[in-house]
Amino acid sequence: SKLSVLSNQVPAMEARMCTPLMVRSEAAVINAGVAEAIGLAEPPAMTLLKHGQHQAQLGLRKAIVELSHRSLRLNGAVEAFDEALLWAQGEHAAGRLGGIAACELAAVRLCTVSQLDLFLQMNQALSFEQQKATWVWQDEAGHWEAFAGWLAAGLSKLARDEASPTRLFRTTWVTQQLWQQHFEDWDRDTVLCFTGAQSAGSQEHWPRSKAAKPGCRLCVFEFVGAFGHNAACIQSLSASEGQEIEWFLPPYMQGVVESVETEQAPGTIELEISRVRVRGLRTMDPLPQVLNGSADQVLAGALLVGLNVSTPQADDVLLRAVNGFFQALATAIEVRNSEAISVVWKGYWECFFEGCHSWQELNESVKSGVVPAARMAATDFVLAARGLAQRLLGLESAMNHQAMEIERERLIEEMELRKKDAVAAARDQVTALQLETLTDPEAFLRFLQLDPVKALEAAPAAARAWMAAGPAQKLLLLAKLMSLTAVAGGLLQGDAKVQAAFVSPFPLSEDVWQTFLDAIPNLHGKAPSSREAAAQKVIALLQLQRLGLSRCRLLIVGGAPDTGKTTFLRETFGLEHLQAGLGRNGRTEHVSFNLHPHGDRRCRPVYLVDTPGFGDGENLHCNDSHRLLQGVGGWIPGGVTVVWVMRASRNVKQEAHQLLRGFLTSDVPTVVVVTHIDKLFEERYREVGPLWREGPLKGVSRNDKRWREHRRGLMAEIQDEIVEGLRFAIGDNQIPELVYACLAGWMAPDEAEEDDDFCAVPPWPWATQELTAFFSILSGKDLRKLLDTRLGFE
């Protein structure tokens, strides 16, 4: 289509569209420093404001007041805010826009006041080089961050209330430098980040000024994909009367260039324009259940994901946060020593009689004569007087050392019981895993009880050892690390039994999110200098794990051995690096986390989890891998989907069924994918077909519909068997979503060329069509679309 010259142009909307394009490559973001260190796609304060987790220390009105004091261009901004706030309160009173806070509505409305030009100034602040590199917002930049946070929060809620457009347009001038940097030699693999908010329309707009701008190129951007999903219609909020339908795109949206075309402007104007089509990429929203989850759950989830997505060459941001957390925690606490023994004095009577002769000795001395008796009495008198004097003077000889030793042993035993109670949470965590390969869990727990601080200090070393360990050893190391998360979680959450064993400042009473925001500049910097500073770093790193883990999504592929789990991942998601097959080289022996083809570690941390077959009697660690993964539904609630690959066969009890029941009992969304339905049907049809030919269908033409009816009856019988087998496998749980797929063999489309001697050919010309129609068999592409929707990509 050509640019349409609109007669009723709106200057305010045009002015916002023609503000400078704020864009940079994601590579620039990653290389900026702090942005990569904390692994987030936008300033964290903005994320927290959008999702109601944290209120800016500076209220919106106060931020506007401070900004107006710093810029003459914002003269009248405070009055405009008061008016916008009054308007928002009026909307609420009228029963409109009730799901959006008044300050959020006011922030959106202020951006439509053309005289103030808040829209442009905010975008310039968001794209200022210092903030881009560090996300440290101070002074004026901090006020703009608060304003942008309120705006983004309002837009995110408006976007849910309005129908999303399929495409939006923005016409603007792009500097030649920016054009050459991002669009002249564009690449589909280069992700762009639009740091500023944008104004767009549902149709193309032509600027009123027809003159070319020196050093600039006129571009028409067509935004599709996630841009439409996140766009917010602001027509009802605009401060301009007669406003055309205008859409705001929030800051920090990502996209990839799909096409760039250059053409002549319409009409008689001699001006070259460029059309740029950009497909927006979805950013996974944080899961509220994770943002508000308990500390031990967050630690366990971050540890599991961080270990599995890191490499020996580079730790993932989650693993760095976990390691830093344990190091800071070891600095912030110390094991409580047994209390000092109080002095126990001997009683006065005990001191009086200590060293004196017994009554029996005195009686015998009397019998011996007066002189020996008198001598013994005089000696006893002197001894008694000395004992009383020592007691009165508090000399050491008057102390009851035996009683003090008994008390010392009692206090030591009491302290050991406290430490034992403190690691009870760790013992419960390890026991709950039910690992067959963990033959002596008490060995590590004894070390943990002996010196918990040393165990915490050793956690990063254990994580490094995990990288180089074999499958079975990895499970043991992970179980030990999981026990540490239980103790740490209990300490941070104020568990009385855990706290009794330590001297620590936990739990802290301060705002944990503000602690995190204040710590960002030095989050991975020098070690804290005090116990209090270490405690704050512990909290900051825990909150970082919350933010990172809350965006994670896992698609766990499970099933019995040799059901085609790895083949499923290869054919559906194109993970060609995974080995599949029935041979030893194709046997999966450990869990592997694979980034989704459309995933991104910062914005879309979606991982496809390949697992060993459950029920392998030779390698017990394969079963234990699944048992560990069963807990992840509680560690990342709302972020886990299970795909259970089940081979179509006769109903046979399998050990893997208990694992499937475990996932369903945990309310983890599950999709059962039945494979090899073609092979089962072929086997059964070859059994019953000859019987039909000699029986009810004797003499009936193969093209007769009665043959099709009998085949459909056989398919229905097989389907009932599969459903009944699934019901038997899952017990009292509700039957999950059930789909059929054939990803290999003669039912797989386009598997090979026709002249390929090894290509599987359908045994009957009608087989593919009839089976696909009856079972609604999904192709790899259809299955991919279904699962991508479950993961939040569609």
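Observations on the model:
- Portion, in percent, of the accessible area of the range 55-102 that falls on carbon or sulfur, probe 1.4 Å: 52 percent
- For the range 217-228, the Karplus equation 6.51 cos²θ - 1.76 cosθ + 1.60, evaluated at θ = phi - 60°, returns couplings of 10, 7, 10, 10, 8, 10, 9, 10, x, 5, 4, x Hz by residue, with Gly and Pro reported as x.
- Sites listed here are trypsin sites (Lys or Arg not before Pro) in the range 483-533 whose DSSP assignment is loop and whose Cβ has at most 15 other Cβ atoms within 10 Å: K526.
- GluC sites (Glu not before Pro) within the range 685-735, DSSP loop, no more than 11 other Cβ atoms inside 10 Å: none
- Couplings for the range 548-558, taken from phi via the Karplus curve 6.51 cos²θ - 1.76 cosθ + 1.60 with θ = phi - 60°, read x, 5, 5, 8, 6, 10, 10, 10, 8, 9, x Hz in order; Gly and Pro are left as x.
- Here's how it looks for T195: its modeled amide H is under 5 Å from those of V23, R24, Y252, which are all 5 or more places away or on a different chain.
- Accessible surface of the range 667-728 [probe 1.4 Å, protein heavy atoms]: carbon and sulfur percent: 48 percent
- Entries of K537/K785; K454/K497; K454/K537 with Cα pairs more than 30 Å apart: K537/K785
- Phi-derived couplings, Karplus 6.51 cos²θ - 1.76 cosθ + 1.60 at θ = phi - 60°, listed residue by residue for the range 766-780: 8, 4, 4, 5, 5, 5, 4, 5, 6, 8, 6, 5, 8, 7, x Hz, with x used for Gly and Pro.
- Summing +1 for each Lys or Arg and -1 for each Asp or Glu among the other residues whose beta-carbon sits under 13 angstrom from that of Y607 gives +1.
- Spacing of the modelled spin labels on Q313 and R96, each 7 Å from Cα toward Cβ, amounts to 5.7 nm.
- Potential lengthening of the chain between S529 and Q493 amounts to 10.6 nm, from the contour at 0.36 nm per residue minus the alpha-carbon distance.
- Residue-normalised accessible area of the range 674-784, expressed per residue, 1.4 Å probe, Å²: 60 Å²
- Amide H to amide H distances under 5 Å link V643 with I556, V557, G558, V671, where only residues 5 or more positions off or on other chains count and H is placed in the peptide plane.
- The residues packed around H205, meaning those with a beta-carbon under 9 Å from its beta-carbon, carry a net charge of -2 if Lys and Arg are +1 and Asp and Glu are -1.
- The local environment of P286, defined by Cβ-Cβ distances under 10 Å, has a net charge of +2 under the rule Lys, Arg +1 and Asp, Glu -1.
- Residue among F223, M284, A300 farthest towards the positive dipole end of the range 218-313, charges placed on Cβ: A300
- Solvent-accessible area assigned to carbon and sulfur over the range 456-519 amounts to 55 percent, based on a 1.4 Å probe.
The values are calculated or read from the model by the stated rules, or taken from the named source; none is laboratory data. Just so it is clear, the model here is predicted, and its values are computed rather than measured. Here the Cβ is made from the backbone with ideal geometry for all residues, glycine too, and neighbour counts use every protein chain on show. When the accessible area is computed, the model is the full protein with side chains, heavy atoms only, and any ligands, DNA or RNA have been set aside. Shrake-Rupley method; radii C 1.70, N 1.55, O 1.52, S 1.80 Å.
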